[in-house]
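Only one structure is covered here, and it is reproduced in the block below.
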Amino acid sequence: MGGVTTSARAGEPVDADLLRATGAGDRTAFETLYGRHAPWLVVRLTRRCNDPALVDEAVQDTFVAVWRGARRWDGRGEVAAWIWGIGIRRLIDQLRSRPRPTAELVDADVEREPSAEERVLLGVEYGDLAGALDRLSPELRAVVQATVLDGLTTREAGHLLGLPAGTVKTRMMRAKAQLREALA
């Protein structure tokens, strides 16, 4: 891969260059991105959904979207945060398309209750929280999306949104106050 910058880790290419190369159709770059990011994505999505089949489907859909949309990455923020944003949206799509959001049969005899996070994610799409989130300004909604729904740290959200960590914290405090008021 000509023109690929290497990281401090044993001469490995950096994510941004891998993503650009993926956008140009480089399968090797894509395989490297997948190998680097799929394992942690599985772990993080599994914390939000206790159905391994849904998580696997969301991860697969995420990397299909990465392959197809790599050229649309604007170069701002961390590639991992961009991938995470795609992954959590794909998981929400999987949860939304479920026929029954209540207890379901996993095996012939075992019922599985949706996890608390699954219920929250569904509530974000359909419940009172959805309306309250819609009433937030785009700046506040973006911070809530990144930190609460996407599970990013303040620092990661700052990188993703191009903001200092202190600004992310301030906006989150304002968003929480507005959400409390809207949901009271």
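What follows draws every value from the coordinates through simple rules; no lab data is involved. It should be emphasised that the depicted structure is a prediction, and the values quoted were computed from it without experimental measurement. Neighbour counts run over all protein chains shown; Cβ positions are idealised from the backbone, glycine included.
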Checklist outcome for this item: For segment 12-96, Rg(Cα) over 2.2 N^0.38 Å is 1.04
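How do the peptides 144-157, 37-50 rank, highest first, by the average count of neighbouring beta carbon atoms within 10 Å per residue?
Details: 144-157: 20.0, 37-50: 17.1.
Averaged packing, sorted descending, gives the order 144-157, 37-50.
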Item to check | ALA16/SER137 FRET efficiency (R0 22 Å; Cβ-Cβ; nearest 0.05) | outcome: 0.15
